[in-house]
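Please read the structure below before turning to the comments.
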Amino acid sequence: MHDELAYTIRRSPRARRIRVKVDPYDGVEVVIPQRATKREAQAAVTELRPWIERRLQEAEAVKRRLAPPPGAVPFLGAQLRLHHDANRTRAHRKGDALHIPAHGAQQALERWYRTQARSEIAPRLHAATQALGRPHTTLAIRNQRTRWGSCSSTGAMSFNWRLMLAPEPVLDYVVWHEACHLVVMDHSKRFWALVERHVPSYREHRSWLRRNGAALVLPPIAA
């Protein structure tokens, strides 16, 4: 007999059917339409249990594979050693060391990553849009769990700061992906041909992000 599988239920006014999501950190979430019952959610979990258990195993493997050494955090494919500094109020990098405040370290670290994201993405985006001949209008840095970037019809661009936790070529791919949407807004063959022209290895980076993206989360920082 199976042990009870832990999961959370979220009602969504936009949901038309029951969906089950498996996240490396948030676990199993069942998204149900407003009128669906908890019994229907449980039935979906029971039916999909083999798939859910496989996804949970894959998620654990991804977390282990991407986990930085103790006392370090990932940054564009490198590892930065953390140093707690009682006299510091914000994070500051010196070479391969990242000095963080003794109090509020987690918040300070995320602020640092957000700042780095803007400074790393802005010149890449400018170069890409210049090459394409389609300038963007604004750049925003956001914090979604699974969406890495977006491009509106007005040229407003947004990117997820957690791309700083991925290898640098993955960041380059996402920037080019969104920049190419300034030329082709859909994901047609024409769009992917344009991406490939500028990032010939884009399939490799897209695949990496699909396999590992959900685990790109800062580890809890011990005081």
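Write out, first by first residue and then by second, each pair whose Cβ atoms fall under 7 Å of each other, whose residues are 6+ apart or on separate chains, and whose first residue, in the range 94-109, is in contact (Cβ under 8 Å) with a residue 12 or more places away in the chain while the second is part of a helix (DSSP H, G or I) and among the polar types (S, T, N, Q). Close Cβ pairs satisfying both conditions: none exist.
Restricting attention to the range 174-201, the residues that are closer than 30 Å to L109 by Cβ and either open to solvent by less than 10 Å² (accessible area, probe 1.4 Å) or touching an Asp or Glu at 6+ places or on another chain (Cβ under 6 Å) (or both) total 3. The set of residues in the range 145-168 being open to solvent by 20 Å² or more (accessible area, probe 1.4 Å) and touching a residue at least 40 places away in the same chain (Cβ under 8 Å) consists of R145, T146, W148, P167, E168.
Okay, residues lined up against (1) of a type in the set (D, E); (2) in contact with an Asp or Glu (Cβ under 9 Å, 6 or more places away or on another chain); (3) open to solvent by less than 60 Å² (accessible area, probe 1.4 Å):
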residue	(1), (2), (3)
L5	no, yes, yes
I9	no, yes, no
D23	yes, yes, yes
I32	no, yes, yes
Q42	no, no, no
R64	no, no, no
P68	no, no, yes
Q79	no, yes, no
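Filtered by the rule that a residue be surrounded by fewer than 17 Cβ atoms within 10 Å (Cβ to Cβ) and not hydroxyl-bearing (S, T, Y), the range 119-131 gives A122, P123, H126, A127, Q130, A131.
Return a yes/no flag: does the range 176-188 have any residue that is in a helix (DSSP H, G or I) and either within 17 Å of R65 (Cα to Cα) or touching a Pro at 6+ places or on another chain (Cβ under 6 Å) (or both).
No, the range 176-188 contains no residue that is in a helix (DSSP H, G or I) and either within 17 Å of R65 (Cα to Cα) or touching a Pro at 6+ places or on another chain (Cβ under 6 Å) (or both).
May I ask you to verify whether I52 is open to solvent by 50 Å² or more (accessible area, probe 1.4 Å) and among the hydrophobic types (A, V, I, L, M, F, W, C)? So that I can check it myself, show each step before the final result.
Numbers: open to solvent by 50 Å² or more (accessible area, probe 1.4 Å): no; among the hydrophobic types (A, V, I, L, M, F, W, C): yes.
So I52 fails the test.
Taken together, the residues in the range 189-223 that are within 23 Å of P123 (Cβ to Cβ), part of a loop (DSSP other than H, G, I, E, B) and either touching a residue at least 60 places away in the same chain (Cβ under 8 Å) or β-branched (V, I, T) (or both) amount to 2.
Which fully enclosed strands (runs of 3 or more DSSP E) of the range 1-73 have 1 or more residues being among the hydroxyl-bearing types (S, T, Y) and more than 18 Å from the chain's Cα centre (by Cα)?
Correct list: 8-12.
Can we say L139 is touching a Pro at 6+ places or on another chain (Cβ under 7 Å) and of a type in the set (A, V, I, L, M, F, W, C)?
Working: touching a Pro at 6+ places or on another chain (Cβ under 7 Å): no; of a type in the set (A, V, I, L, M, F, W, C): yes.
When the stated conditions are applied, L139 does not pass them.
Look at (1) in a helix (DSSP H, G or I); (2) more than 16 Å from the chain's Cα centre (by Cα); (3) of a type outside the set (G, A, S) and you find that V170 fails only one, number (2). Taking the conditions exactly as written (at negative phi, in contact with a Pro (Cβ under 8 Å, 6 or more places away or on another chain) and modelled with pLDDT of 95 or more), does T129 satisfy them or not? Criteria met by T129.
The values are calculated or read from the model by the stated rules, or taken from the named source; none is laboratory data. Please read these numbers as outputs of a predicted model, since none were measured by experiment. When we count neighbours, we look across all protein chains shown, and the Cβ atoms used for this are built from the backbone with ideal geometry, even at glycine. Accessible surface is based on the protein model in full, side chains and every heavy atom, while ligands, DNA and RNA are left aside. Shrake-Rupley method; radii C 1.70, N 1.55, O 1.52, S 1.80 Å.
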